[in-house]
1. Given Val420, Val430, Val390, Val369, which one is assigned to a loop (DSSP other than H, G, I, E, B), β-branched (Val, Ile, Thr), buried (at least 18 other Cβ atoms within 10 Å of the Cβ) and not assigned by the TED database to the domain that holds Val214?
2. I need every pair where a residue in segment 474-488 that is of a type in the set (D, E, K, R) has its Cβ under 8 Å from the Cβ of a residue that is open to solvent by less than 70 Å² (accessible area, probe 1.4 Å), sequence separation at least 6 or different chains.
3. Do we have Phe350 as at pLDDT below 90 and either over 20 Å from the mean Cα position of the chain (by Cα) or open to solvent by less than 70 Å² (accessible area, probe 1.4 Å) (or both) here?
4. Name the single residue, out of those in segment 189-199 being surrounded by fewer than 22 Cβ atoms within 10 Å (Cβ to Cβ) and within 13 Å of the ligand (Cβ to nearest atom), that is nearest to Ser81 (Cα to Cα).
5. Do we find that Phe511 is within 16 Å of the ligand (Cβ to nearest atom) and either closer than 25 Å to Lys196 by Cα or part of a helix (DSSP H, G or I) (or both) in this structure?
6. Among Asn104, Asn186, Asn170, which is within 22 Å of Leu471 (Cβ to Cβ), more than 12 Å from the ligand (Cβ to nearest atom) and open to solvent by 10 Å² or more (accessible area, probe 1.4 Å)?
7. Before we move on, is Ser435 open to solvent by less than 50 Å² (accessible area, probe 1.4 Å) and more than 16 Å from the ligand (Cβ to nearest atom)?
8. Yes or no: segment 268-278 includes at least one residue that is open to solvent by 10 Å² or more (accessible area, probe 1.4 Å), assigned by the TED database to the domain that holds Pro402 and modelled with pLDDT of 90 or more.
Amino acid sequence: MATMLLLTFLISSLIMVTVGLAIDFMEILRLGIDGQLSVDPSDVETASLDFGLLTRGQPLAVLHPVSAQDIARVVKAAYGSNQGMTVSARGHGHSINGQAQTTNGVVIQMSGWKGGNKPPRPHVWAEERYVDVWGGDLWIDVLKSTLEYGLAPKSWTDYLYLSVGGTLSNAGISGQAFNHGPQISNVYELDVVTGKGEVLTCSEDENTELFHAVLGGLGQFGIITRARISLEPAPNMSTYSNFSAFTSDQEHLISLHAEPSNQKFDYVEGFVIVAEGLINNWRSSLFSPQNPVKISTLFPTGGVLYCLEIAKNYHESTAQTIDQEVEFLLKKLNFISTSVFTTDLLYVDFLDRVHMAEMKLRSKGLWEVPHPWLNLFIPSSKIAEFDKGVFKGILGNKTSGPILIYPMNKNKWDHRSSVVTPDEGLFYLVALLRSALDSGEETQSLEYLNNQNRQILRYCDEAGIKVKRYLPHYTTQQEWMDHFGNKWDRFYEMKMEFDPRHILASGQRIFTPTFPSLSNMPS
Ligand code: FAD
């Protein structure tokens, strides 16, 4: 009975798939993949959605690969297909606008695995101070593996349940980027499956063009299957402070990047709080009620507060002097003196702090809700104008989620990568990380927040604030050309070289897959 049910399921699934994929899919099935090619409805459903919950794109099948070869086989079949079949790598599905989705092809589920075979685990080269990781590994697992050797990557994202391939396709930023650059500046080597199905190793010395194109390349040139990431000795502990300050303090802190390590902080971020944001700021969850001053007592009526989050890492061996070092560094800043909150925690807990917030939000049913997030890079010369027009203007007193703000040094970003940043030596990330809720309150609705995002972008445009979007999302090629500016020609050239049929990551909506005529099929 069980066998019959299973067979019925398999047959009905195959009929469903053959309607869309016909010969291509059968071709792939015959290719001998070591992982699993699944048409299981729950796999397909998962791959249809992402963290944003704003778009849905149902793939025809989902591949759970265990090697670069598995991926290469599927991409080759798509490349050779005459039906415009697409292939999209999906890390942990934490995009906002369907960037890892596809409707006419296969989603390669890079993170996690199914069945007996597994992708390779991280391999730490302790002496050389780097780690080789699978493109679908989550950063939390990379951290755990490297900590076994007392080592850790240098540059992070705030949240570690993101995949290596996913963040390297964007940039990967957090409060260490001012010092170490984004994650894409801390990679030595990649293995990539191109849009032609070739498996290529690339680095500064080998297949250099591909290496730079893939970093920040929005998945357009290849699927990252292995990344070699630079490591440093891991600190044991972090002292973490959080206080009101102005952008000049932030800029002062990040200007110290050339100083000896005991004369600078290791992490500099910050967030904006408007009155209502006190409730919604899940990012500041490390600071509990025992903190000396309640933020609400500092609040100017109808105003905005700016909080600086800074961390100083240390080892047990330097624990004696850490308080003095922090005090020395804090002296140079202009915050409200009663507003310093400090907490001491294990390095891994510090890095994994957003996961704690995730757990709380999940328990209240507030994690799996639509996320109309807007991430902008803003030239430093215009940040005051942005503050006036957006934080103190358009937002009113409502935020519906955390708003991060922190500066970065452009010279820590390799201009040869695909990512685009403003044309100034110093620029800010402003991340409006808002959740839409069905609470009946208009200002929390998806429509309201989407409108506000559009208003912010229009304001920047009209005020001549030349922002660049981080984790960008556009729907027309003209908008993408404007986004890339003078990098567009190169981006297009690389696309034609490494993914000429526009098979990969079509969910980014930069290029439309091409349908070759049968006579032009690759041999
Ligand atoms: P996915 O969303 O699955 O994929 C993103 C894109 O990359 C898609 O186009 C996909 O096709 C492509 N892709 C995925 N894997 C590969 C691969 N192996 N090779 C080539 N292309 C691939 N970003 C930051 O920089 N800093 C942060 O602090 C930060 N915090 C976040 C916190 C939360 C709660 C969330 C939801 C997101 C955050 N992000 C942050 C954004 C995050 O970097 C992006 O969502 C990114 O896409 C990584 O997510 P992912 O691994 O799930 O990739």
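The values are calculated or read from the model by the stated rules, or taken from the named source; none is laboratory data. Treat the numbers as computed from the prediction; the structure is a model and nothing was measured. All Cβ positions, even for glycine, are placed from backbone atoms using ideal geometry, and neighbour counts span all protein chains on display. Heads up: the accessible areas ignore ligands, DNA and RNA and are worked out on the full protein's heavy atoms, side chains in. Shrake-Rupley method; radii C 1.70, N 1.55, O 1.52, S 1.80 Å.
1. Val420
2. From residues that are of a type in the set (D, E, K, R), the pairs are Lys487/Ser418; Lys487/Val420.
3. Taking the combined requirement at face value, the residue does not satisfy it.
4. Checked segment 189-199; the qualifying residue nearest to Ser81 (Cα to Cα) is Val199.
5. yes
6. Every option except Asn186 fails the conditions.
7. No.
8. no
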